[in-house]
Amino acid sequence: MPTVARTPEVVGHERVAAAFMLAHLIVQLGSGLIGAAIFVGLGGMVSALGAVEKELGAIAFGGFFGGIGVLLGLFILVQAVPAALAAWGLWRGSSWRQAAAIVSSALAMTHVPIGTVLAAGTLWCVYKAHQAGLNGGDHRPPLRRR
């Protein structure tokens, strides 16, 4: 993956943005795993109670509830991938780093309130890095008018 030359100021802003994305990733994975564990645990308890009482409906409901927990965990894991990619790209200075950070921040905005705050911080740092890059870093020369 190509990396681009960056000024120290751009690197600093992008490293802070990567930290925001990493924090979002950790919060998302932690809360997703806790939520999935609650669903799976409650489903297992309901199934166990149904087995003791020989109630087929309770066993089926417990299995359904546990399945919802597994799907919730997979959904959270899939949603965490863009944040991980954005953090990695920002840290390494890949050419696609700012686009990935913007897309990942847009997805993180839906995780109110913590994800929204972390996404806003990421967007601010990416904006500041872009501005610093325009003032003497990695940008293309401006288009000339003829």
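None of the figures in this text is laboratory data; all of them are computed from the coordinates on show. Everything numeric in this text was worked out from a predicted model, so none of it was measured. Because the Cβ atoms are built from the backbone with ideal geometry, glycine has one as well, and the counts that use them run over all protein chains shown.
Put +1 on the Cβ of each Lys and Arg and -1 on the Cβ of each Asp and Glu in segment 8-134; which of Leu134, Gln28, Gly66 then has its Cα farthest toward the positive end of the dipole?
In segment 8-134, that residue is Leu134.
Which ordering of Phe39, Phe20 is given by a fewest-first count of other beta-carbon atoms within 10 Å?
Phe39, Phe20
What per residue convex hull volume, in Å³, comes out for segment 8-134 when only alpha-carbon positions are used?
So the per-residue hull volume is 82 Å³.
Can you work out D for segment 1-68 in µm² s⁻¹ from Stokes-Einstein, where Rh is the Kirkwood radius over C-alpha pairs, the temperature is 4 °C and the viscosity is 1.567 mPa s?
Translational D for this selection: 85 µm²/s.
Would you mind counting up the charge near Ala18? Only other residues with Cβ under 14 Å from its Cβ, with Lys and Arg at +1 and Asp and Glu at -1.
So the environment of Ala18 carries a net charge of +4.
Summing Lys, Arg as +1 and Asp, Glu as -1, what charge do residues with Cβ under 13 Å from the Cβ of Leu85 carry, Leu85 excluded?
+2
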